[in-house]
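What follows is a short report on a single structure.
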């Protein structure tokens, strides 16, 4: 089974992805980490020095280069499904799971987190505004996922059951 986790920054794609991959005995892939490894630079550096277009092309290349013959759980970047035909490709090649949290929960997480390229707000109000704008732009694409999960009180076994049911 191929599982693609999508959603805004800070929603828990990497955290849940690691747990899911362990539970399902599948490889875990963090798309951003794969890009950083291949470029030998941080995502932030790539955005600042080579631009978002360069990053999005790299992201698409890495997304579509993953070996289809083995099972994996992939934590994508927040914008991954929104560029080129990435969402269509993920929908055709696996189970796409949209992870959701209220904006204020995300602001709380991101205000105390490391810098993220598209969330360079200097205070929680700016981060909240950026997240609200991103969600407005991305909601239509995110809503195409096979499954949506509210991450507030989610239990790993419930997620596994929902994914297994969706994949039938």
Spin-label pair residue 53/residue 93, simplified geometry with 7 Å Cα→Cβ offset, distance in nm: 2.4 nm
Gyration tensor verdict on the range 32-91 (Cα atoms; rounded if a/c is under 1.5, prolate if a/b is larger than b/c, oblate otherwise): oblate
For the range 2-161, just the Cα atoms, rotate onto the principal axes and tell me the three extents in Å, largest first. 41, 36, 26
What full-extension length gain, to one decimal in nm, is calculated for residue 167 and residue 144 as 0.36 nm per residue of separation minus the Cα-Cα distance? 6.8 nm
Work out how much length residue 39 to residue 85 would gain on full extension: take 0.36 nm times their residue separation and subtract the Cα-Cα distance, in nm to one decimal. 14.3 nm
Using a 10 Å cut-off around each Cβ, can you sort 74, 87, 1, 151 from fewest to most neighbouring Cβ atoms? 1, 151, 87, 74
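Throughout, read-outs are computed from the coordinates displayed, never taken from laboratory work. Keep in mind the model is a prediction, meaning the values are calculated, not measured. No Cβ is skipped: glycine too gets one built from the backbone with ideal geometry, and neighbour counts run over all protein chains shown.
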